[in-house]
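Here is the structure we will look at, set down as structure tokens.
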Number of protein chains: 2
Amino acid sequence: MNKKEAKPYGITPWEVSGDLDYEKLIKDFGVAKISGELRGSIGVSNPLIKREIYFAHRDADKWLSDAKKKKRVSILTGRGPSEKMHLGHLVPFLIAKSLQEKFGCDVYIPISDDEKFFVKEGLSYEKSIEYSKDNILDLIALGFRPGKTFIFEDFVYTDIYRYAAQIAKKTTYSTARAIFGLKPENNVGWTFYPAMQAAHILFPQFHKGKHMTLVPIGIDQDPYMRLVRDVAENFGFEKPAAIHAKFIPSLYGEAKMSSSDSGLNVIFLDDDKKTVETKIKKYAFSGGKKSIEEHRRLGGDPDIDISFQYLKIFFEPDDEKLQKIYDDYKSGILLTSELKEILIKRINDFLGEHRRKKELAKKQIGKFLMKN
Amino acid sequence: MNKKEAKPYGITPWEVSGDLDYEKLIKDFGVAKISGELRGSIGVSNPLIKREIYFAHRDADKWLSDAKKKKRVSILTGRGPSEKMHLGHLVPFLIAKSLQEKFGCDVYIPISDDEKFFVKEGLSYEKSIEYSKDNILDLIALGFRPGKTFIFEDFVYTDIYRYAAQIAKKTTYSTARAIFGLKPENNVGWTFYPAMQAAHILFPQFHKGKHMTLVPIGIDQDPYMRLVRDVAENFGFEKPAAIHAKFIPSLYGEAKMSSSDSGLNVIFLDDDKKTVETKIKKYAFSGGKKSIEEHRRLGGDPDIDISFQYLKIFFEPDDEKLQKIYDDYKSGILLTSELKEILIKRINDFLGEHRRKKELAKKQIGKFLMKN
């Protein structure tokens, strides 16, 4: 499949450098590119799939084949609760939800409050649990199916330690050090966490026996998958499959959305309407020209415009509508301020609905949260 | 207190070398010798105390002072269940039970099935749990008080992971490596275990708030106490106190009772009468002479005789009776075969009663075992 055909909206500066790196990463990591055929076969309309945010995989074809044969398959994607959730955090959960809807499969969501507690110097035990509770409500609000969705938090569903221990026995410190870049001054919780993470990924099989699990991850997390795929064989399990996402840019246009600058560079799920408006208007990196006159004359560049990118990634599933926005912005018909207004409305519609569902989630939590 | 006065039965070869080393260890570890005054103040008739098997301590005076003021105090001693229990394993539990009887305090017993699983190459997860179940029955059979005795097994009471994690965050790999002699090829469960062990020792204070805990240990385990005493302050807890035991010799006369040679060098708690008789007769190192004639003429040496040592340490609490056995063996009135018969009877009486109590323990286990 030709790249240009696959990407009618062109590529942003990040995607340019990104694409080059991504091709290199595919080779470096030894993962496979998601082919047009595989993409079509997955057959979900989620923009994250059809617009190639998810671009690479390991054994996703095998997972899909089992899913289509109605064999048991599951999806697993976790959350490290070190802060309130922002849009970027949603990426793997949105795809997990789409796949659950399409294939009716179980979704497992480990909440690694222990990881964040170990790794973040200033994060207290109590605060890591508090973030967990909040983040879990955000996840339930996305609309996962009760009875088919298992959220387990390491400091609550502590029985996970039994599985982590079995993996720990087969993971040497030197292996963990190499993959996770451990240093002698890191704490021993941190050194143990690679086993815990592998336990998360194998948990669906510990829970319901041998079957294919698909793990949506960022491409930078692939080394952890290699560890767990090696370990899986020791337990007579299937090697978990993965699909790998590109980075989602921050409002500022940084390659990877990661909150900094007091969170001005990201949209948090609890940002109110006014905050969203301010952040997009003031901070969303623009592909527009310096003056309205120049913009009308020369047109803007949607490929480097964050507002357009967010519509493409998250908020405008309709390909024709997105294409029209792309064309209008590029030709100068659509001004930056108008493009931003479109995004602001979409984000605020989404977040308003999300807040309503998050409130409802408080009563549903018992249907999702695993207990010892 | 003069050492010779304190030890009417003299010193064995192991104790000779031992005593010299023990004096050195007291200095090296910076622990205190248990003074005659402290020994008297503890005031239990258990041979392990009055015959100076427990010879050193950290803050035991402080623990005792709180106990006598009726403040909350507890005792903690654990078991790593890597095999069936033998006599040597009982030492800290016998003293814990004596102290519980005397002071009415809580006793906490962590069962580190995870530790043994991590450290023993060939020990399976299932087998480590099986040994735990068996060992726990042995411990309950010793007669600890229900309601005041808390047995918690790492793979069952997995909530212990919450406490271990909090300690892990404050324990660097390099610190753990120094104290536990960790190597890069050790697994990451092993590297985490120092935090788990510290969690065991601080658990009474996590469970019931700040108070003094006394930990009976072998002197070789003191470095772990130093780690946990440092950590305790971070949680606003009391530094746990310790009393340190000398090594208990094996039947063969090895300095530390540790099963080897298919267990012929130790008495297991499930050895039947015939096995006990055979092991003592064939393998208990003797201080007797080569012939009966020579023995009658020159006398035996109870100070190097394992049968006498076991009577002294475990089975003859009456000082006068023990002194008579000592004198008779030394003068040649008592033959080695006769001394061994005394020990065989005492061991088999104890083990017969133990087996009966262990059978009863099966119904009591719910009163002792902590659940998540």
Problem - Relative intensity, log₁₀ I(q)/I(0), of chain B from a Debye sum that treats every alpha carbon as a point, q = 0.08, 0.10, 0.13, 0.15 Å⁻¹ - result: -0.41, -0.65, -1.11, -1.45
Handout entry: Per-residue mean of C-beta atoms belonging to partner chains within 10 Å, peptide A:167-177
Key = 6
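Using the 2.2 N^0.38 Å rule of thumb for compact globular proteins, work out how region B:205-331 stacks up: its C-alpha Rg over that value, please.
Normalised by 2.2 N^0.38 Å, the Cα Rg of region B:205-331 equals 1.46.
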Fill in the blank from the handout: One checks the Cα atoms of region B:261-356 and finds Rg and Dmax, in Å, of 13.4, 43
Exercise for the section: Take the alpha carbon atoms of region B:147-232, find their radius of gyration, then divide it by 2.2 N^0.38 Å using N residues; give the quotient. Expected result: 1.10
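How much of the DSSP bridge set in the protein assembly as shown is antiparallel, in percent, rounded to the nearest 5?
That works out to approximately 30 percent antiparallel.
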Exercise for the section: Might you report the magnitude of the Cβ-based charge dipole of chain A about its Cα centre, with Lys and Arg at +1 and Asp and Glu at -1, to the nearest 20 debye? Expected result: 1040
Handout entry: Nm distances between copies for B:Lys70, ranked from closest, using label points 7 Å along Cα→Cβ
Key = 7.3
Handout entry: Cα centre as origin, Lys/Arg/Asp/Glu Cβ charges: region A:88-129 dipole, Debye
Key = 200
Exercise for the section: Between the alpha-carbon centers of region B:298-344 and region B:114-192, tell me the distance in whole angstrom. Expected result: 38
Handout entry: Which listed pairs, of B:Lys282/B:Lys357; A:Lys33/A:Lys62; B:Lys210/B:Lys371; A:Lys273/A:Lys362, have C-alpha distances above 20 Å, in listed order
Key = B:Lys282/B:Lys357; B:Lys210/B:Lys371; A:Lys273/A:Lys362
Problem - Nearest-first distances (nm) between copies at B:Thr275, label 7 Å from Cα via Cβ - result: 6.7
Problem - Peptide A:188-201, shielding by other chains (average Cβ, 10 Å cutoff) - result: 6
Practice task
Go through B:Ser262, B:Thr278, B:Leu202 and say which Cα lies farthest out towards the positive end of the charge dipole of region B:170-292; charges sit on Cβ, +1 for Lys and Arg, -1 for Asp and Glu.
Solution key: B:Thr278
Handout entry: Options B:Asn372, A:Phe350, B:Leu360, ranked by Cα towards positive dipole end of the protein assembly as shown, top entry (Cβ charges)
Key = B:Leu360
Problem - Ranked by how many other beta carbons lie within 10 Å on average, peptides B:88-101, B:347-360 from highest - result: B:88-101, B:347-360
Fill in the blank from the handout: Binned at 10 Å from zero, the C-alpha pair distances of the protein assembly as shown give percents of 3, 12, 19, 19, 14, 11, 9, 6, 4, 2, 1, 0, 0
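Would you mind classifying region A:154-194 by shape? Square roots of the alpha carbon gyration tensor eigenvalues, ordered a ≥ b ≥ c; an a/c under 1.5 is rounded, otherwise it is prolate if a/b is larger than b/c and oblate if not.
Judged from the Cα gyration tensor, region A:154-194 comes out oblate (a/c at least 1.5, b/c at or above a/b).
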Exercise for the section: Grab the Cα-Cα distance for B:Ser174 and B:Glu23, subtract it from 0.36 nm times how many residues apart they are, and report the gain in nm with one decimal. Expected result: 51.4 nm
Exercise for the section: Give, to the nearest whole percent, the P(r) tail of region A:18-96 beyond 19 angstrom, counting all Cα pairs. Expected result: 48
Practice task
Sort B:209-215, B:321-327 for me by packing, meaning the mean count of neighbouring Cβ atoms within 10 Å per residue, highest on top.
Solution key: B:209-215, B:321-327
Fill in the blank from the handout: So, in nm and shortest first, the distances from A:Phe206 to its counterparts in the other copies, with label points 7 Å along Cα→Cβ, work out as 1.8
Handout entry: Dipole in debye (nearest 20) - the protein assembly as shown, about Cα centre, beta carbon charges: Lys, Arg +1; Asp, Glu -1
Key = 1460
Exercise for the section: May I ask you to sort B:Trp63, B:Trp190 by Cβ crowding, counting other Cβ atoms within 10 Å and putting the fewest first? Expected result: B:Trp190, B:Trp63
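None of the figures in this text is laboratory data; all of them are computed from the coordinates on show. Not measured: the values here are computed from a predicted model. Heads up, the Cβs are rebuilt from the backbone with ideal geometry, glycines too, and the neighbour counts pull from every protein chain shown.
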